[in-house]
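Step one of this worksheet: look at the structure below.
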Amino acid sequence: MSAIMKTEFLDRPPAGDWFALDVMREAPRKRRWVVLMIDVHPDELKHCRSKTAFLYVHPKDYRPDPGRTAQEAWVRIPGKHRDRDSAWEILEYFLATRH
């Protein structure tokens, strides 16, 4: 029997260079959004192992190097937003003011 892994959410992006991969609702029918962030450039993701991010690479292009692992983080986007576009907009502002 396998253990169910609980997804942990951060309130702020981790330190260093992280890239936003996708924005999605935290829970169905809610106006809270989260972003999946990775610590490698999205173009390099096809060469890295990961838990979830590999789903964003075309299967034909996915050739992970066993020694390279992409770190992932689920980060909450501040505020409540009606749609994905407004969540992305706030995320871009949030990341720009962080540096």
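Looking at the chain, the GluC sites (Glu not before Pro) that sit in a DSSP loop and have at most 15 other Cβ atoms within 10 Å of their own Cβ are Glu8, Glu26. Percentage of Cα-Cα pair distances in the stretch 46-86 greater than 11 Å, rounded to whole percent? So the portion of pairs separated by more than 11 Å is 70 percent. Taking Ala53, Ala27, Ala73 in turn, the Gaussian network model of the chain (Cα-Cα springs below 10 Å) assigns the largest fluctuation to Ala27. Of all stretches in the chain that contain no trypsin sites (Lys or Arg not before Pro) in a DSSP loop with at most 16 other Cβ atoms within 10 Å, the longest one is 7-28. Ellipticity at 222 nm from helices only: DSSP H runs of n ≥ 4 in the chain, each -39500 (n - 2.57), divided by the residue count, give -5000 deg cm²/dmol. For the stretch 34-48, backbone phi angles converted through the Karplus equation (6.51, -1.76, 1.60; θ = phi - 60°) give residue-by-residue couplings of 10, 10, 8, 10, 10, 9, 10, 4, x, 5, 8, 4, 5, 9, 10 Hz, Gly and Pro being listed as x. Karplus-derived 3J(HN,Hα) values for the stretch 58-66, using 6.51 cos²θ - 1.76 cosθ + 1.60 with θ = phi - 60°, are 4, x, 5, 8, 7, 9, x, 7, x Hz; glycine and proline are entered as x. The number of Lys pairs in the chain with C-alpha atoms less than 30 Å apart, excluding pairs fewer than 8 positions apart on the same chain, is 10. A viscosity of 1.002 mPa s and a temperature of 20 °C, combined with the Kirkwood radius over C-alpha pairs in the Stokes-Einstein formula, give the stretch 9-98 a diffusion coefficient of 156 µm²/s. Amide H contacts under 5 Å for Ile77: Trp33, Val34, Val35, restricted to partners 5 or more places along the chain or on a different chain, H placed in the peptide plane at 1.01 Å from N.
Compared with the direct C-alpha span, the chain from Asp22 to Leu55 gains 10.8 nm at full extension, assuming 0.36 nm per residue.
With an 8 Å Cα cut-off and a minimum separation of 6 or more residues, compute the relative contact order for the chain in percent. Computed over the chain, the figure is 30 percent.
None of the figures in this text is laboratory data; all of them are computed from the coordinates on show. Note that this is a predicted model, so its numbers are computed, not measured. Every residue, glycine as well, gets a Cβ built from its backbone with ideal geometry; the counts of neighbours run over all protein chains shown.
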